[in-house]
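Accompanying notes for the structure given below.
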Amino acid sequence: MATKKKDIRALTKTQLRDFFVKQGDKAFRGNQVYEWLWQKAAHTFDDMTNISKETRQMLEDNFVINHIKVDTMQRSADGTVKNAVRLHDGLIVESVLIPTATRTTACVSSQVGCSLDCRFCATARLKRMRNLNPDEIYDQVVAIDNESRLYFDRPLSNIVFMGMGEPLMNYNNVIKAIDKITSEEGLGMSPKRITVSTSGVPKIIKKMADDDVKFNLAVSLHSAIDEVRTTIMPFNETFPLNDLREALEYWYAKTKRKISYEYVVWGGINDTQKDIDALVKFCKYVPSKVNIIEYNPIDDGEFQQASNEALENYIATLEKNRIVVNVRRSRGKDIDAACGQLANKS
Ligand code: SF4
């Protein structure tokens, strides 16, 4: 029976060095191969041109490189690019490049489908099939960095974990991917340019604070009233706002870093003065800012963007209370690449 070859990128640098020593080669060979795998993002062993043919063959006999493949790439009229990414087992996730005048941001996926069940989100309809491995997350970033250089003549400037999946439900692999993205042996990006966006898993938010992570934290809040939030994000029943608040206070006490709240306003759901007052109160617990995000309807029409009047009311009340508020226009709507629309439709 043929033995299954191991994914070489599951090995740490030390393990790779040890492997070469066991093969009677020099540990240094492990460094060279590691550099090819991460910094140079080699897709095949044959790409490793400073490694001898025999060694490349030996690697081929023992390992695979489970590199992602961009199956289809769509470009929106506003410049947004959406990649449908095929994984080694045939499953597909999506990632998005969002260009603005000053930055290009990669929005990457962390799971195939999602563990959670937000009712306004297209991804929630795909059940969670599996977590992405660190290299599969890393590869999405590399693919978007290449596209940014190709189409916009500049490297990727920011990364948000806001694609498919709940990143804190795949915490260990997300952390390993970020370690590679920020390492000089990977892409050398500053963690300050990375934002992990969660629906709010209190235990893991506290763990992140304990782990002294250096990236930014965003929380998809959408309501600061438990009954309303549970209706639109049913897992709020398990992780109610009080637990979330306590975890965010812990995060701030340890990291001294502000939190961003992502917030969509829907007509008839969270567009009343009571909803606004609850948000203002919640924002005062921990230094924070609010990003109001334009909603992108998914096909069933159950959720609709609130009226301009309701949005203006949110903005005015937050500003009056000296809470920083930004309004995020949606990008890539014509190719279903906007927030909450990723559902492997292409
Ligand atoms: S909004 Fe995020 S956490 Fe909620 S179901 Fe969609 S992908 Fe999952």
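Quick rundown of the values:
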read-out	value
LEU311-GLU227 pseudo-label distance in nm [points 7 Å out on the Cα-to-Cβ vector]	2.8 nm
Partners for LYS256 among lysines (Cα-Cα distance below 20 Å; same-chain residues under 8 apart left out)	LYS192, LYS203, LYS206, LYS207, LYS214, LYS281, LYS284, LYS289
Relative contact order %, the chain, counting alpha carbon pairs below 8 Å whose residues are six or more apart	14 percent
Quotient of C-alpha Rg and 2.2 N^0.38 Å, computed over the range 164-289	1.10
Within straight-line cross-link reach of LYS5, lysines at Cα separation under 24 Å, skipping those fewer than 8 residues along the same chain	LYS13, LYS22, LYS26, LYS40, LYS53, LYS69, LYS176, LYS180
Equivalent ellipsoid semi-axes - Cα gyration tensor, the range 196-259, angstrom	21, 10, 9
Cα long-axis angle, helix 241-255 against the chain (0 to 90 degrees, to the nearest 10)	60 degrees
Cross-link partners of LYS320 among aspartates and glutamates (Cα-Cα below 15 Å; sequence separation of 8 or more within a chain)	ASP277, GLU312
Accessible surface of THR14 - all protein chains present, 1.4 Å probe, nearest 10 Å²	90 Å²
Probe 1.4 Å, accessible area per residue of the chain, Å²	46 Å²
Amide proton proximity set for ALA42, modelled H, under 5 Å, gap of 5+	LEU37
Note, ³J(HN,Hα) from phi for the range 262-275, Karplus 6.51, -1.76, 1.60, rounded to Hz, x at Gly and Pro	8, 8, 10, 10, 10, x, x, 10, 9, 10, 9, 4, 4, 5
Rg to Rh quotient for the range 113-191, alpha carbon positions, Kirkwood Rh	1.02
Acute angle (nearest 10 degrees) that the helix 27-37 long axis makes with the longest principal axis of the chain, alpha-carbon atoms	50 degrees
Nonlocal amide H pairs with SER288, under 5 Å, H built at 1.01 Å	ILE259
Quotient of Cα Rg and 2.2 N^0.38 Å for the range 205-346, N being how many residues it contains	1.07
Equivalent ellipsoid dimensions for the range 19-72 as semi-axes, Å, which come from the Cα gyration tensor, largest first	21, 12, 10
Between helix 171-182 and the chain: long-axis angle, C-alpha atoms, 0 to 90°, nearest 10	70 degrees
From phi via Karplus (6.51, -1.76, 1.60), per-residue ³J(HN,Hα) for the range 147-159 in Hz, x at Gly/Pro	5, 4, 5, 6, 8, 10, 6, 7, x, 4, 10, 9, 9
Per DSSP, loop trypsin sites (Lys or Arg not before Pro) in the range 101-157 with at most 15 further Cβ within 10 Å	ARG103, ARG119
10 Å binning of all Cα-Cα separations within the range 1-130, expressed as whole percents from 0 upward	11, 30, 27, 22, 9, 1
nm² value of the averaged projected area, convex hull over the Cα atoms of the range 63-117	5.5 nm²
Chymotrypsin sites (Phe, Trp or Tyr not before Pro) restricted to DSSP loop in the range 260-339 with at most 16 other C-beta within 10 Å	TYR285
Rg [Å, one decimal], Dmax [Å, integer] - the chain, C-alpha atoms	21.6, 72
The chain, accessible surface, carbon-and-sulfur percent (1.4 angstrom probe)	49 percent
Rounded to whole Hz, the Karplus (6.51, -1.76, 1.60) HN-Hα couplings of the range 13-22, x for glycine and proline	4, 4, 5, 5, 4, 4, 4, 5, 4, 4
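The values are calculated or read from the model by the stated rules, or taken from the named source; none is laboratory data. Remember, it's a predicted structure, so these values are computed and weren't measured experimentally. Virtual Cβ from ideal backbone geometry, glycine too; neighbours counted across all protein chains shown. For accessibility, only protein heavy atoms count, side chains too; no ligands or nucleic acids. Shrake-Rupley method; radii C 1.70, N 1.55, O 1.52, S 1.80 Å.
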